[in-house]
Structures are given as structure tokens and as C-alpha cells.
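Nothing in this text is a laboratory measurement; each read-out follows from the coordinates by a stated rule. All values reported here derive from a predicted model rather than from experimental measurement. Note: ideal-geometry Cβ built from the backbone for every residue, glycine included; neighbour counts use all protein chains shown.
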Amino acid sequence: MKKLISTLLIAVLIFSLAACGGGQKPEDAAKKVGIIQLAEFGALDDAAAGFIERMDELCAEKGVKWEHELENAQGEQSVCATIATTFVNSGVDMIMAIATPAASAAASATAEVPIIFTAVTDAQAAGLVKTNKVPGGNVSGTSDMNPVAQQIGLLLKLVPEAKTVGIIYCSAEPNSVTQEAMARKELEAKGVNVLDFTAADSSEVAAVAQSMVGKVDAVYIPTDNLISASAATVAQVLNAAKIPTVAGESSMVDKGFLATFGINYKELGRQTADMAFKVLFEGQNIAELPVEFYTKECELTVNNDTAEVLGITIPDDLK
């Protein structure tokens, strides 16, 4: 009899806790976002900072809660996969992936948890979405597609005598392959010869950069994650050889390349947060959320110290 009464009391207690929500109501609980950042360098750091900043703002404005955990894979795609699996197993409400390898790892880890990406140049070519207009799965986000035509125009304005331009990138990165094709098309249309120089990993980058010396008059560097992570090394080699460079984004210019006309990655991260908020808190179906492209004005960045080393005078209309 005592055993039966104890069992009944426990049952009543459990029912009461369930009726009260066990404390915090589920709808009041913070949404959990796991952030996978491929590597630690300017553009990706800025994208993460912009995303977090904007999510904090939106949640404060709307009176909702979110929490995040950011993990950096230090350039290793296998580590991205491990991070993604850990996030899925921990029950996050969303994965935010920064750069194509991080987004690909997340997509391989889950077909259910919503994945918002940024700093992915061509999501469709990378197989992350069916189409940019209608992703059709659990993945969408923002593209960092560069104004490649304008960047090539900038390069030829800074180095009008250039006859041969080298492009250095990692051929295993789909985003870089896309940009190489775009840059090649622009250069060849202007009668400029194009030479490709590719590296498979960080140990090859310095040697590949050195192999460009004596073969090219100028160099274009897309927003390639491998080359970006080694930007200071590549810039040192090319600047010493007096070879002008135009890079895909501004943090690479800060590391020593000559110039760029590109996007602001912090603003891109903020734009990504607007998309994430719709999915997390407003019921937006991510399968129907189109991939977005950068909506603000691109910015000119020039490294004046590099210009001085190269003996290049920046035209007045670029100052």
C-alpha cells in the first residue's frame, strides 16, 4: 500500500512539473546556434563578428533569446566535420557556417538542422543548394561573390602595361575555380595573357608564389581561403619581386597586397544574421529562402605602403 501511494505521489509530481513547464517555458528558451568558422583570418573573423553583433541587436529588439558557440577549424576541413557532428549531437537549433568547406561539412552532417552560411561564393556550384533562388533543402545563406570585373578593371588601371597576369589559388576550392574563370574571361577579353598558379595546401603556397616571379607582370588573388590564410607570405614574395597585386578582399590588402575593390565582410555577416533570425524566430522555411548576395556598396582599399614599395602612383580618382 505504501509503495502504491509513493508511486502515485511521484506520478502527481511529474504531472505537475510538466503542467508548469518544469520551470522555463519552451517558447521562452534561448535558440542555440553553433558557428563553424573555417579559419582565423580577417574576412572570416569579420563575418563572424558581424553575425553575432546583428543577432544580439535583433534579439534585443524583439525580446527573444539566443546563444551561440563559435568553433574555429583552423583551416582543416576534417575538423569542420567534427565540429558539425558535435553541434548536431548537442541539439543546436541552427548551424551557421563560415566559408564553403565549413558549409559543406555541416550539410554532410545533417539534413534536418537549418544551416545558414556566409562567405560562400557559389553555393549552387558547391552543391549546397539546388538553386540560389530556391535552395530546396536545409541550407541557405549569403554569397561573397566579388565584383570580379571591377577588380580586374582596377588591376589594369594600376598596371596598364601588364601583358601577362597570374592568378594564384587553390584548385580544390569551388569558389576559387569560379572566380578564376570570371577573371580569366575579363582579362582575355582585354587581350591579356593569363597564367594559373595553384597550391594544394599551406606548405606549397610560398613556393608557388615564388614560381610566379619572372613570368607575370601582375597578379590577381580571388577570395581563396588557402591563399588568404597565407596572404602575408605571398605578399612578401611578390612585393620583393615588384609584382603588383589585386586581391579579392580588404583583409588581404592589409596583409600586404596592393589593392582591392570588394565587399565588407562584417556587413555581410550582419546580412546573414537577418536571414538566420527569420528562420529561427519568424518561421521562415529555409528551403524557400533564396541565397542572398551583398547588398551594400563595395569599397576600395589600397595599401599605400605597398604602393610605395612597388613605385606605383595611385591615380587621383582612386584616392
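What the table below lists for this structure:
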read-out: Placed amide H near A97: partners under 5 Å, 5+ positions off or other chain; value: I36, I116, F117, T118
read-out: Cβ-derived FRET efficiency at R0 35 Å, D56 paired with K157, nearest 0.05; value: 0.30
read-out: Least to most buried among T86, T131 (fewest other Cβ within 10 Å first); value: T131, T86
read-out: Amide H partners (placed H, <5 Å) of L195, local residues excluded; value: V165, G166, I167
read-out: Set K32/K62; K65/K266; K157/K215; K163/K296; K31/K296 screened for pairs whose C-alpha atoms are more than 25 Å apart; value: K163/K296; K31/K296
read-out: Debye-sum result for the chain in log10 I(q)/I(0), which assumes one identical scatterer on each alpha carbon, at q = 0.06, 0.12, 0.15 Å⁻¹; value: -0.26, -0.80, -1.13
read-out: Computed helical MRE - 222 nm, the chain, DSSP H runs ≥ 4 contributing -39500 (n - 2.57), nearest 500; value: -14000 deg cm²/dmol
read-out: The range 127-133 - phi-based ³J(HN,Hα) in whole Hz, Karplus 6.51/-1.76/1.60, Gly and Pro as x; value: x, 7, 9, 5, 9, 5, 6
read-out: Sorted peptide list for 205-218, 287-300, criterion being average Cβ within 10 angstrom, highest first; value: 205-218, 287-300
read-out: DSSP beta bridge pairing in the chain, given as percent antiparallel to the nearest 5; value: 10 percent
